[in-house]
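See below for the structure under consideration.
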Amino acid sequence: MTGGARSAPTHGGLRVRIFPSALSISRALAGEIARALDANPRLVLGLPTGRTPIPLYRELAALHRAGRIDLSQATTFNLDEFLGVSSDDPRSYRAFMRRHFFDHVNLAARRIHLLNGLAHDVARECERYERAIARAGGIDLQILGLGANGHVGFNEPGRALVARTHRTRLRPTTRRANAGLFGGRAGDVPREALSMGMATILRTRRIVLVATGASKAGCVRRMIEGPVTTRVPASFLQLHSNAEVWLDRGAAQGLRAEG
Ligand code: GLP
């Protein structure tokens, strides 16, 4: 097993790997992506934003500088984008991805996909995204972060989840968690966003969800050991046949086997 990771028993269908640190997760995951690209240069990746994947993007950029990965034939699809924020706006997720990843690797611009937060016809934009994913042959490897309230992408907890890419209303906790991009002002974070749906995510061939830090421990426990419930959208990953959860010790500390 790479990066000093070890497996923990689980009660849902999720395989769990626990690493000594966030850095060791990013190294191991960048290594897996490098191997996947060697096997298939036309790899289709699903990508998240947030603080969690930043070390992964840094690691992938370093591998690229060292000539060890070539993304020229790869395709990417991001999970979500704020509604009403233009792609040029430094607060958009597209700008985040440029800063942390796209500007540092050799992805072809035409194979980078994000939802357009300024689309006039939102329903059509969501449909376009679903079709683009299908045209690319589906997503081979979907990397996910975990919202502290259990969301994945912007699939927020609630009475129901939406299957396909859709427009969604952000919870106050989510707006607070994203305040960093908006000068620390949660009130300036858009109230709505576009997000891949839960079925869009569950249709991907392989999922690796990464969660780091003790603040995620409660949510990690509910995702892995709790029932499949729309109150914890990430718990739906238990239904996927090839989904793994990669944790550092902090995020794993609430798991029963870790007790
Ligand atoms: C945002 C994104 C999610 C991401 C989550 C976690 O809300 N829409 O896709 O997983 O943040 O962020 P962090 O990694 O900063 O905890």
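Numbers below:
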read-out	value
Cα Rg, Dmax, segment 76-219, angstrom units	14.7, 42
Helix-only [θ]222 nm of the chain, DSSP H runs n ≥ 4, -39500 (n - 2.57) each, per residue, nearest 500	-8500 deg cm²/dmol
Rounded accessible area per residue of the chain, 1.4 Å, Å²	44
Furthest towards positive pole of dipole, 183, 136, 198, structure part segment 134-202, Cβ charges	183
Whole-percent carbon and sulfur share, accessible surface of the chain, 1.4 Å	49
Summed side-chain charge close to residue 90 - residues other than residue 90 whose Cβ falls under 12 Å, Lys, Arg +1, Asp, Glu -1	+2
Pair residue 70, residue 109: separation of 7 Å Cα→Cβ label points (nm)	2.3
Computed magnitude of the charge dipole of the chain (debye, nearest 20; Cβ of K, R +1, Cβ of D, E -1)	280
Distance (nanometres) between label positions extended 7 Å along Cα→Cβ at residue 182 and residue 87	2.2
Cα centroid separation, segment 229-254 to segment 32-78 (Å)	22
Computed magnitude of the charge dipole of segment 123-259 (debye, nearest 20; Cβ of K, R +1, Cβ of D, E -1)	340
Å³ per residue enclosed by the Cα convex hull of segment 1-155	135
Cβ charges +1 (Lys, Arg) and -1 (Asp, Glu), total dipole of segment 26-159, debye	300
DSSP beta bridges in the chain [antiparallel fraction, %, rounded to 5]	35
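The values are calculated or read from the model by the stated rules, or taken from the named source; none is laboratory data. The model shown is predicted, which means the values in this text are computed figures rather than measured ones. Glycine also receives a Cβ, built like all others from the backbone with ideal geometry; neighbour counts cover every protein chain displayed. Keep in mind that these areas ignore ligands, DNA and RNA; they rest on the heavy atoms of the full protein, side chains included. Shrake-Rupley method; radii C 1.70, N 1.55, O 1.52, S 1.80 Å.
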